[in-house]
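In what follows, a structure is listed as structure tokens, so that the remarks can point back to it.
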Amino acid sequence: MNVCSINEVGGIIAPNPSVTIVALQTQKVGAVSSLASLAAEVRQQLGEAWLPQIYREQILTKRTRAYNLELPAKQGNAEVQYTLLGVELKIGRRRVMCPDLATARYLSVFARTGNPDFALPYDISQLSRLADELEFAWHRMLLLIDNVAENRSASFCTRLRRTLIAAARDEIAQAGAGADRPHFNQNTKQRRA
């Protein structure tokens, strides 16, 4: 006995409404597991280019200071702008003055992930290289999401993107922002002979 069938459009036709609900719940569970499996596939393809891994292995291992970027409640787009006064990072309606382009690029990655507290390298000569790596990892993640979810709907791609960004945000927050000030090893005692 055939309880329900699928019409040409892909909808479920069921004589009993409870069967339709069970079938829709089954489809929803399948979509969630598919979302989780695609998110895991993107993370696996990223490998060492996963943002939290770069943060843990290349930033937190160096001398850093904690930085607090006051993010707006509603997540806006972070963009670097050049003004007459210098380089600014615009997050939603808020503008943050930055001393140079490398700092603005570095801060923009954390603004996009939604991390208000993170570690900022104390050595500014390393900031440009780290900003390059973080931006590369960010854009590679977005390209992999588009590639993996190529035949899916736009809403599915958005959910996958939000899932991966939330996972990156949580891992970066779990790693911590580091110390407020960098620790300097200074041996000022001098021996007298």
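Here the gap between residue 49 and residue 123, fully extended at 0.36 nm per residue and compared with their Cα-Cα distance, gives a gain of 24.5 nm. Across region 85-94, rounded Karplus estimates of 3J(HN,Hα) from the backbone phi angles (6.51 cos²θ - 1.76 cosθ + 1.60, θ = phi - 60°) give 8, x, 9, 10, 10, 9, 10, x, 9, 8 Hz, Gly and Pro being marked x. A simple count of charges around residue 166, restricted to other residues whose Cβ falls under 13 Å of its Cβ and scoring Lys, Arg +1 and Asp, Glu -1, yields +4.
Compared with the direct C-alpha span, the chain from residue 150 to residue 36 gains 39.5 nm at full extension, assuming 0.36 nm per residue.
Maximal additional length on extending the residue 166-residue 61 stretch stands at 35.5 nm, based on 0.36 nm per residue less the C-alpha distance. Computed over region 99-141, relative contact order equals 54 percent, with contacts defined as Cα pairs under 8 Å that lie 6+ residues apart.
Ordered by the number of other Cβ atoms lying within 10 Å of each residue's own Cβ, fewest first, 67, 106, 82 fall into the sequence 82, 67, 106. Shown here is the pair-distance distribution of region 66-177: with all Cα-Cα distances grouped in 10 Å bins from zero up to the longest one, the shares run 13, 42, 33, 10, 1 percent. Residues whose amide H comes within less than 5 Å of that of residue 87, counting only those at least five positions distant or on another chain, are 98 (H built at 1.01 Å from N in the peptide plane).
The numbers here are math on the coordinates, done by the rules we state, and not lab data. Note that the structure is a prediction, hence the values are computed from the model and not measured. Here Cβ is always computed from backbone atoms with ideal geometry, including for glycine, and neighbour counts include all displayed protein chains.
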